[in-house]
Amino acid sequence: MLTSEITAASSGTWTLGDLTVRRLGFGGMRLTGSAAFDLGTPSDRDRSIRVLRRAVELGVNHIDTAAFYFSPTRSANELINRALAPYADDLVITTKVGPVRDAAGAWLDLARPDQLRGQVEENVRQLGLDHLDVVNLRTQGLDSIEEHFGALAELRDAGLIRHLGLSNVRVEHLEQATAIAPVVCVQNRYGHDRRNGDVVLRACQERGIAFVPFFAVTGDGREAGGVVADDRIDTVARDRGVTAAQVRIAWTLSRGPHMLAIPGTGNPEHLEENVAAGALRLTDEELAFLE
């Protein structure tokens, strides 16, 4: 099995605007154990803090989070702040805005364009920053995102945001956004068992935009609380002496140099396995078999 001696540097790098990140990053959503995301019981608070600090020790410098990643007992932003502030100069924290949850965690409607500044400022406050490195607009059923993205572009011009991204979008959304301001990344659901995002992936590659898939490891197994078994994934994992999750991460990174993986976990052992997967290179034969 790949060992913890391997760091995120083995995954290579990509540039988000003027920010260089390693292609193997960390997703903060699973730290909260939020029932709204079907993630079960959160990790022990101290263990979550240890996981975040260990991720940085292992060379991870790209962390994905959001103010709406919270449960009755956990807030991803607060944990990140507690674990990592004062932040390293090369650490890039990516956040998302758009969805609205009330104090009890119930999902409400998408924020109006004039409410996005408040969401950005809440992320700034929770993380203890003076500006946000990257903010993704997560859409929910919008045909046009021009007004929402335009509001974020104004906050970028005002210095509250450094770079802009998108989440849960179609190609037409990407076209609408890039006509307003540069887009450095797109976060869509994508993985070995969920390929319907290939058209957006290709559009990002053509434009030099990072593609950052979520649920790339758990795939359709997220609702079941784990990874759904896949005979081909399992075969490659067994032959290479690695885990199925490591094969899925390696497959994700193989889809193009612009692919960034952000597997999340509250388990220290899983963290080290995930980071080590950045060094796993699948052969052409293995990739063909997985297709």
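The values are calculated or read from the model by the stated rules, or taken from the named source; none is laboratory data. Fair warning: this is a prediction, and the values are worked out from it, not measured in the lab. Here the Cβ is made from the backbone with ideal geometry for all residues, glycine too, and neighbour counts use every protein chain on show.
For segment 87-118, filtered to residues that are without any contact (Cβ under 8 Å) to a residue 60 or more places away in the chain and under 18 Å from the mean Cα position of the chain (by Cα), the residue that is farthest from ARG23 (Cα to Cα) is PRO99.
Looking only at segment 174-195, residues that are within 19 Å of VAL21 (Cβ to Cβ) and either at pLDDT below 90 or not aliphatic (A, V, I, L, M) (or both) come to 5 in all.
Against the list (1) at pLDDT below 95; (2) of a type outside the set (Phe, Trp, Tyr); (3) more than 18 Å from the chain's Cα centre (by Cα), the condition LEU31 fails is (3). The set of residues in segment 271-286 being closer than 17 Å to SER11 by Cβ and either of a type in the set (Ser, Thr, Tyr) or in a helix (DSSP H, G or I) (or both) consists of LEU271, GLU272, GLU273, ASN274, VAL275, ALA276, ALA277, GLY278, ALA279.
Pairing each residue of segment 275-291 that is farther than 12 Å from ALA250 by Cα and surrounded by fewer than 10 Cβ atoms within 10 Å (Cβ to Cβ) with any residue that is of a type in the set (D, E, K, R) and modelled with pLDDT under 95, provided the two are 6+ apart or on different chains, yields C-beta distances under 9 Å for GLU291/ARG232.
Considered as a group, the residues in segment 253-270 that are in a helix (DSSP H, G or I) and at pLDDT 95 or above include one that is nearest to ILE80 (Cα to Cα), and that residue is LEU253.
Residues are listed down the side, and each one gets a yes or a no for (1) of a type outside the set (Asp, Glu); (2) over 18 Å from the mean Cα position of the chain (by Cα); (3) under 24 Å from MET29 (Cα atoms); (4) at pLDDT 85 or above:
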{"position": "GLY197", "(1), (2), (3), (4)": "yes, no, yes, no"}
{"position": "ALA210", "(1), (2), (3), (4)": "yes, no, yes, yes"}
{"position": "ALA216", "(1), (2), (3), (4)": "yes, no, yes, no"}
{"position": "GLY221", "(1), (2), (3), (4)": "yes, no, yes, no"}
{"position": "ALA224", "(1), (2), (3), (4)": "yes, yes, yes, no"}
{"position": "VAL228", "(1), (2), (3), (4)": "yes, yes, yes, no"}
{"position": "ILE233", "(1), (2), (3), (4)": "yes, yes, no, yes"}
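All of ASP114, ASP90, ASP102, ASP157 fail the test of being surrounded by fewer than 18 Cβ atoms within 10 Å (Cβ to Cβ), of a type outside the set (Val, Ile, Thr) and modelled with pLDDT under 95, apart from ASP102.
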